[in-house]
Amino acid sequence: MSEGAPGVDVRSNLLERPLVLGGSGLVGGAFYRALSERGHAVRGTFHTRPSEGLEPLDLAGDTAAYLASVRPSLVILASALTHVDYCETHPEETRARNVDALEPIVGWCAERGVPLVFFSTDYVFDGAAGPYAEDAPPRPINVYGGSKLEGERWVGALSRCAVLRITNVFDVGHDTKNFLHRCVEHLRDRCPLVVPCDQWATPTSATWLATQTLDLIGRGGLCGPQGPRTLHVACDDLVSRAEFACRVADRLGGDASLIEGRSSERLGQAAPRPRRGGLRNDLLKRLLGVGALPLDEALD
């Protein structure tokens, strides 16, 4: 049993009043929908993109007052500045959004013992020898990765938390700002698609991320006293963006000749990227009791 009244398992109550901060984005939208479909009394927020059922909230404002009014049993923080090249050229704004905005949230959760779910990235690693396990030493090579590593340390100070590292998140139905949507649009409109051929990662399905995380929280595998504080959530396959796009084309019957893989040097991106990134998901599979989490199955 967790701490609390005798004979009561507090873990079972974590999903009683969940709150999704950033519910209009790809990850937050997946969690908000999954919680709603499971019948939980979920609340969610948006900042610049209104969405049905969500409440307006600027994390630069009085977040602690909002949390106090909602009194969530679990906070899922899915709001962040994630545009990697923009982050590279706007380091102060990145720190404000990805690090400083955490202080009142972490403080409120710490005072009340409320668990916090936080999303990080494989960009906390340098990409020299991925995919990486949870205990691999971090070494970010861009501003975005550095900000997420600082965020991990803030959240990691909590007694109850889950830092979920994810990468190349994709899905349909939540927002259009992800690589899968870009692939679909270019193939549908028969427009050339130029993508990196030398940046490798293990993509994360947003739907799988939400369902797997909620399953683990529901049975005490996350955010409980025995659960891991850091967990890598990704598919098995290590693929380049070019290969990912080709797999999408194959499923849609699209013209793969529209896809052109280019080296990072030729693309001239503002932020350096890990070349061989990605996340090992061995711990996740043990917790879920599954032997494989194939990318092809997530795409299908």
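Any idea which of A64, A68, A96, A78 is at negative phi, modelled with pLDDT of 95 or more, touching a Leu at 6+ places or on another chain (Cβ under 8 Å) and open to solvent by less than 80 Å² (accessible area, probe 1.4 Å)? Please lay out each step first, then the result.
On the way: A64 fails: touching a Leu at 6+ places or on another chain (Cβ under 8 Å); A68 fails: touching a Leu at 6+ places or on another chain (Cβ under 8 Å); A96 fails: touching a Leu at 6+ places or on another chain (Cβ under 8 Å).
None of the others qualify; the one that does is A78.
Among the conditions (1) outside any strand (DSSP E or B); (2) over 16 Å from K177 (Cα atoms); (3) in contact with a Leu (Cβ under 8 Å, 6 or more places away or on another chain); (4) not acidic (D, E), the only one that G44 does not satisfy is (1).
Taking the criterion of being β-branched (V, I, T) and out of contact with any strand residue (DSSP E or B) (no Cβ under 6 Å at 6 or more places or on another chain), the residues of the stretch 162-192 that qualify are V172, T176, V184.
Evaluating T45 against the criteria (1) open to solvent by 10 Å² or more (accessible area, probe 1.4 Å); (2) of a type in the set (S, T, N, Q); (3) modelled with pLDDT of 95 or more; (4) closer than 21 Å to T211 by Cα leaves one unmet condition, (1). For the stretch 135-156, taking the residues that are touching a Pro at 6+ places or on another chain (Cβ under 7 Å) and more than 20 Å from I105 (Cα to Cα), the one that is surrounded by the fewest Cβ atoms within 10 Å (Cβ to Cβ) is identified as I141.
Does E88 count as open to solvent by 70 Å² or more (accessible area, probe 1.4 Å) and either farther than 23 Å from L284 by Cα or more than 16 Å from the chain's Cα centre (by Cα) (or both)? When the stated conditions are applied, E88 does not pass them. The set of residues in the stretch 17-50 being under 17 Å from D62 (Cα atoms) and among the β-branched types (V, I, T) consists of V20, T45, T48.
As a summary of the residue check, S159 satisfies the conditions (1) open to solvent by less than 20 Å² (accessible area, probe 1.4 Å); (2) more than 16 Å from the chain's Cα centre (by Cα); (3) hydroxyl-bearing (S, T, Y) except for the one numbered (1). Pairs please, first residue from the stretch 256-271 and within 20 Å of H186 (Cα to Cα) and touching a residue at least 12 places away in the same chain (Cβ under 8 Å), second anywhere and basic (K, R) and open to solvent by 50 Å² or more (accessible area, probe 1.4 Å), Cβ atoms under 9 Å, 6+ apart in sequence or on different chains. Listed by first residue and then by second, the contacts come to L258/R190; G261/R241.
Given the criteria open to solvent by 10 Å² or more (accessible area, probe 1.4 Å) and in a strand (DSSP E or B), does E243 qualify?
Values: open to solvent by 10 Å² or more (accessible area, probe 1.4 Å): yes; in a strand (DSSP E or B): no.
Judged against the criteria, E243 is not a match.
Against the condition part of a helix (DSSP H, G or I), among the polar types (S, T, N, Q) and open to solvent by 30 Å² or more (accessible area, probe 1.4 Å), how does T213 come out, does it pass? No: the conditions fail for T213.
Listed here are the residues, each with its yes/no results for (1) aromatic (F, W, Y); (2) free of Cβ contacts under 8 Å to residues at least 24 places away in the same chain; (3) touching a Gly at 6+ places or on another chain (Cβ under 6 Å); (4) in a loop (DSSP other than H, G, I, E, B).
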site	(1), (2), (3), (4)
V27	no, no, no, no
Y32	yes, yes, yes, no
L35	no, no, no, no
H40	no, no, no, yes
I76	no, no, no, no
T82	no, no, no, yes
D85	no, no, no, no
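Whenever a residue of the stretch 273-300 is at positive phi and in contact (Cβ under 8 Å) with a residue 12 or more places away in the chain, its partners that are assigned to a loop (DSSP other than H, G, I, E, B) and surrounded by 17 or more Cβ atoms within 10 Å (Cβ to Cβ), lying with C-beta atoms within less than 6 angstrom and at least six residues away or across chains, give the pairs G278/G130; G278/P131; G278/T202; G278/L238.
If you go through the stretch 216-228 and pick out every residue that is open to solvent by 20 Å² or more (accessible area, probe 1.4 Å) and assigned to a helix (DSSP H, G or I), you end up with 1.
Conditions tested, residue by residue: (1) on the phi < 0 side of the Ramachandran plot; (2) within 19 Å of the chain's Cα centre (by Cα); (3) not small (G, A, S).
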{"position": "V184", "(1), (2), (3)": "yes, no, yes"}
{"position": "R188", "(1), (2), (3)": "yes, no, yes"}
{"position": "L193", "(1), (2), (3)": "yes, no, yes"}
{"position": "Q199", "(1), (2), (3)": "yes, yes, yes"}
{"position": "A210", "(1), (2), (3)": "yes, yes, no"}
{"position": "L216", "(1), (2), (3)": "yes, yes, yes"}
{"position": "L222", "(1), (2), (3)": "yes, yes, yes"}
{"position": "G227", "(1), (2), (3)": "yes, yes, no"}
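Scanning the stretch 181-210 for residues that are free of Cβ contacts under 8 Å to residues at least 40 places away in the same chain, open to solvent by 50 Å² or more (accessible area, probe 1.4 Å) and not acidic (D, E) yields a single hit, R182.
The values are calculated or read from the model by the stated rules, or taken from the named source; none is laboratory data. All of these numbers come straight from a predicted model, not from anything done at the bench. So basically every Cβ, Gly included, is an ideal-geometry build from the backbone, and we count neighbours across all protein chains shown. For the accessible areas, the whole protein counts, side chains as well, though only heavy atoms, and no ligand, DNA or RNA atoms are used. Shrake-Rupley method; radii C 1.70, N 1.55, O 1.52, S 1.80 Å.
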